[in-house]
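In what follows, a single structure is set out as structure tokens and then discussed.
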Amino acid sequence: MTAPLHIGIVACSAEGASLCYRTICIEAGARLGHHAHPEVSLHGLSLADYEACLERGDWPGVADLMLASAEKLARAGADFLISPDNTIHAAFGYVEPLSPLPWLHIAEVVADEAASRGLSRLGLLGTRWLVDSGVYPEKLQSRGIGWLRPPPAERDEINRIIMQELVEGVFRPQAVTAHQRGIADLKAQGADAVVLGCTEIPLIINDENSPLPVLDSTRLLARAAIARAIHA
């Protein structure tokens, strides 16, 4: 049997990276045997450094941070890279040409899943940087899938919850309610599923409590990484 590839995780926020790492380590066992998983290395620079770049719209700066992690993971022996952070994929155009290793793109993974389910219009939830960006629209459009964004006031509230609560491991009932309200509004506009386009949102929203079926970007990326690592 060919040895699994070594997965490198470029971390941004602790909660999202932790969920992705745990998912790889736990779910790989179903494919490789009890407690077995591919080799995984994780490197993360300070979230504050990323946030400073985001606040001033410095996408090349975001790319520099991602590439610094990529270089360290390459030296650690990783074969390919993932980042369980949707927002920083807006810098991917700067990252990919200079990266020492290939990447799985989180929005491509989610878009492929949406296409396989026959979904036609997705609601987008995430930070304001992610929702305002073309990260998901570009990947969805290439697969003939439409998208909807929440109105500005809801984007701002969800962004506040993500950046002031979820990334710090604070999970309040009011945060669940705010996300459910936003998803219900997207459903009323014609969305047939919702992208949990922040890697912390799956910590409070899932298929059981969401008004729409969810596309859990964190776990979908982790599962795609397992499949790549074991050559499936």
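The values are calculated or read from the model by the stated rules, or taken from the named source; none is laboratory data. Given the structure is predicted, the values throughout are model-derived calculations rather than measurements. Note: ideal-geometry Cβ built from the backbone for every residue, glycine included; neighbour counts use all protein chains shown. Ligands, DNA and RNA are stripped out before the accessible areas are found, and what is left, the full protein with its side chains, is counted by its heavy atoms. Shrake-Rupley method; radii C 1.70, N 1.55, O 1.52, S 1.80 Å.
Observations on the structure shown:
- Pick from segment 184-232, criterion part of a helix (DSSP H, G or I) and of a type in the set (Ser, Thr, Tyr), ranking: surrounded by the fewest Cβ atoms within 10 Å (Cβ to Cβ): 218
- Residue check for residue 92: among the aromatic types (Phe, Trp, Tyr) and either within 28 Å of residue 161 (Cα to Cα) or out of contact with any strand residue (DSSP E or B) (no Cβ under 9 Å at 6 or more places or on another chain) (or both): yes
- Residue that is free of Cβ contacts under 8 Å to residues at least 40 places away in the same chain and open to solvent by less than 20 Å² (accessible area, probe 1.4 Å), where the choices are 44, 93, 61, 33: 61
- Tabulated pairs, segment 137-159, first farther than 16 Å from residue 121 by Cβ, second of a type in the set (Val, Ile, Thr), C-beta under 9 angstrom, 6+ apart or interchain: 155/127; 155/131; 158/127; 158/131; 158/201; 159/127; 159/131
- Any hit, segment 148-169, residues being farther than 22 Å from residue 50 by Cα, under 19 Å from the mean Cα position of the chain (by Cα), surrounded by fewer than 23 Cβ atoms within 10 Å (Cβ to Cβ) and among the polar types (S, T, N, Q): no
- Every residue from segment 1-26 that is buried (at least 16 other Cβ atoms within 10 Å of the Cβ) and either in a helix (DSSP H, G or I) or free of Cβ contacts under 8 Å to residues at least 24 places away in the same chain (or both): 15, 16, 17, 18, 19, 20, 21, 23, 24, 25
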